[in-house]
Amino acid sequence: MRSQNNVIPDADAQDSPARIRATWGGTGSIEDASRAFGFSRAKGYDLARRGEFPCRVLRIGRSTRVVTASLLRVLESGEPEYSGTHDTDLAPA
């Protein structure tokens, strides 16, 4: 279906960096961030629990939140920013 300006609506527009930048606050949910990366909610929570979610994750009480700025950097660069501390514990080779 085409809109009046002959642009085909994009089903993933809600998860685009421009849309996220315009509508999210400082943090977002694991569910929404997982959808932006293209994987399931369960996979997102599993990665966050293991410290392997592609962007920074904060535990606030019983809630788990994704840092919006980190999410945008990862979506735009394609390079993950793991939230775990595994990388900092390793000595340089």
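Couplings 3J(HN,Hα) for the stretch 20-33, derived from phi with the Karplus relation 6.51 cos²θ - 1.76 cosθ + 1.60 (θ = phi - 60°), are 4, 4, 7, 10, 8, x, x, 9, x, 7, 4, 4, 5, 5 Hz, where x marks Gly and Pro.
Distances between placed amide hydrogens fall under 5 Å for Leu58 paired with Arg65, Val66, Val67, all partners being 5 or more residues away or on another chain.
Note on Ser77 and Arg21: the extension gain reaches 18.7 nm, defined as 0.36 nm multiplied by sequence separation minus the Cα-Cα distance. Most tightly packed first, judged by the mean number of other beta-carbon atoms within 10 Å of their residues, the peptides 24-31, 52-59 read 52-59, 24-31.
Remark: the stretch 51-62, residue by residue, has Karplus-estimated 3J(HN,Hα) of x, 10, 5, x, 10, 5, 10, 10, 9, 10, x, 8 Hz, where x stands for each Gly or Pro and the curve is 6.51 cos²θ - 1.76 cosθ + 1.60 at θ = phi - 60°.
Coordinate-derived values only; no laboratory data. Just so you know, these numbers come straight off a predicted model, no measurement behind them. Here the Cβ is made from the backbone with ideal geometry for all residues, glycine too, and neighbour counts use every protein chain on show.
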